[in-house]
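Input: a single structure, listed below in structure tokens.
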Amino acid sequence: MPPVPPVRRRQPSLSQLRAFAAVAEHLHFRDAAAALGMSQPALSGAVSALEETLGVTLLERTTRKVLLSPAGERLAVRAKAVLDAVGALLEEAEAVRAPFTGVLRLGVIPTVAPYLLPTVLRLVHDRYPALDLQVHEEQTSSLLEGLTTGRLDLLLLAVPLGVPGVVELPLYDEDFVLVTPLDHRLGGREGIAREALRELNLLLLDEGHCLRDQALDICREAGRADAPVTTTAAGLSTLVQLVAGGLGVTLLPRTAVTVETARSSQLLTGFFAEPAPTRRVALAMRGGAARAGEYGELAGALREALKPLPVRVL
């Protein structure tokens, strides 16, 4: 017997998948249509056509709301994955066609953004004028989620991350300094031993900031067993004001010192003996990113631009 030819199934269109994905996200036809910039009848027709093509019911429609059917719950995940893959394909084609053009979504941690962004923005403006740089300031965990899901393209943050599939492009190392009130015994001193941290009332950032974790690591290396958590702050500016008010001392990266200590005349900066506690800052990208070559070139240009700052460029 001759072999039976395989059944050729109809293929859903991208417009149908986009319509379904929008409805699955908003669970409302009007909101989904507005998000896609199309009419409600056209949106409804696209979803119905997708259901006919797939041979399954994706939505449970009532007069008051829209719900995903069990099949819809499962296939919404697949539809999003297909659309993400198509977006990645278009991004790769754009990158090959014209390097350093289009959108670059850069994520930056709060303890780097205020101090490095002026240099980054000036570099992009002068050297890559066709690049549409979009900046997102978030904590490390949120940035990594954005990178791995494709919401962000490139990160600027403290490393090491130790995350599989994420490639780090080191930029520089910088020392930490000790910021104290004017009347503190270590205020303005040089050659401070790390062991001094064992007895200090150290003020920290809130949970979730990598700088908090780095400060705690430095304390542990100095032989401090407890974790000082009596007072915390959401940002470095508040932290420094607490120091100025006499509530304790804190650790600042060198790049933040000029900006933050200029806010008060009640502060002194002390410097640790070598080797001083440090942090490393890098760009991070997805492994195999379509624009990996561009990101590597950007890292090199950024290293040159950062040389005037109080850092050790790598």
Item checked: Residues of the range 92-102 classified as without any contact (Cβ under 8 Å) to a residue 40 or more places away in the chain and open to solvent by less than 70 Å² (accessible area, probe 1.4 Å), total -> 5
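Name the residue that is farthest from residue 131 (Cα to Cα), counting only residues in the range 281-295 that are modelled with pLDDT of 90 or more and either among the hydrophobic types (A, V, I, L, M, F, W, C) or over 16 Å from the mean Cα position of the chain (by Cα) (or both).
The residue in question is 281.
Of the residues in the range 137-151, how many are open to solvent by less than 60 Å² (accessible area, probe 1.4 Å) and either more than 22 Å from residue 205 (Cβ to Cβ) or not in a loop (DSSP other than H, G, I, E, B) (or both)? Even if it seems obvious, please write down each step before you answer.
So the first thing to find is which residues in the range 137-151 are open to solvent by less than 60 Å² (accessible area, probe 1.4 Å), and the list is 138, 140, 142-144, 146-147, 150.
From what is left, the residues that are either more than 22 Å from residue 205 (Cβ to Cβ) or not in a loop (DSSP other than H, G, I, E, B) (or both) are 140, 142-144, 146-147, 150.
Residues meeting the conditions: 7.
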Check: On the given criteria, is residue 89 open to solvent by less than 40 Å² (accessible area, probe 1.4 Å) and part of a helix (DSSP H, G or I)?
Finding: no
Notebook entry, point to check: So which residues in the range 227-243 are touching a strand residue (DSSP E or B) at 6+ places or on another chain (Cβ under 8 Å), modelled with pLDDT under 75 and either outside any loop (DSSP other than H, G, I, E, B) or small (Gly, Ala, Ser) (or both), if there are any at all?
Noted result: 232, 233, 234
Next item on the list: Would you please list the contacts, defined by Cβ atoms under 8 Å and residues six or more apart or on different chains, that run from a residue in the range 50-70 that is closer than 17 Å to residue 10 by Cβ to a residue that is open to solvent by less than 100 Å² (accessible area, probe 1.4 Å) and among the acidic types (Asp, Glu)?
Entry: 57/51; 58/51
Next item on the list: Would you confirm whether any residue within the range 155-162 is more than 20 Å from residue 240 (Cα to Cα), assigned to a loop (DSSP other than H, G, I, E, B) and aliphatic (A, V, I, L, M)?
Entry: yes
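A quick yes/no check of all residues on (1) surrounded by fewer than 18 Cβ atoms within 10 Å (Cβ to Cβ); (2) touching a strand residue (DSSP E or B) at 6+ places or on another chain (Cβ under 9 Å); (3) assigned to a loop (DSSP other than H, G, I, E, B):
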{"site": "263", "(1), (2), (3)": "yes, no, yes"}
{"site": "268", "(1), (2), (3)": "no, yes, no"}
{"site": "271", "(1), (2), (3)": "yes, yes, no"}
{"site": "279", "(1), (2), (3)": "no, yes, no"}
{"site": "289", "(1), (2), (3)": "no, yes, yes"}
{"site": "296", "(1), (2), (3)": "yes, yes, no"}
{"site": "299", "(1), (2), (3)": "no, yes, no"}
{"site": "302", "(1), (2), (3)": "no, yes, no"}
{"site": "309", "(1), (2), (3)": "yes, yes, yes"}
Notebook entry, point to check: Taking the range 247-260, which residues are touching a residue at least 24 places away in the same chain (Cβ under 8 Å) and open to solvent by 50 Å² or more (accessible area, probe 1.4 Å)?
Noted result: 247, 254, 259
Note to self: When you scan the range 57-69, do you find a residue that is in a helix (DSSP H, G or I) and out of contact with any Gly (no Cβ under 9 Å at 6 or more places or on another chain), even just one?
What the structure shows: no
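Residues checked against (1) without any contact (Cβ under 8 Å) to a residue 24 or more places away in the chain; (2) closer than 23 Å to residue 308 by Cα:
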position: 112; (1), (2): no, yes
position: 115; (1), (2): no, yes
position: 145; (1), (2): yes, no
position: 148; (1), (2): no, no
position: 189; (1), (2): no, no
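The values are calculated or read from the model by the stated rules, or taken from the named source; none is laboratory data. This is a predicted model, so every value here is computed, not measured. A quick note on method: Cβ atoms are made from the backbone with ideal geometry, for glycine too, and the neighbour counts reach across all protein chains shown. Note: accessible area is taken over every heavy atom of the protein model, side chains too, but ligands, DNA and RNA are not part of it. Shrake-Rupley method; radii C 1.70, N 1.55, O 1.52, S 1.80 Å.
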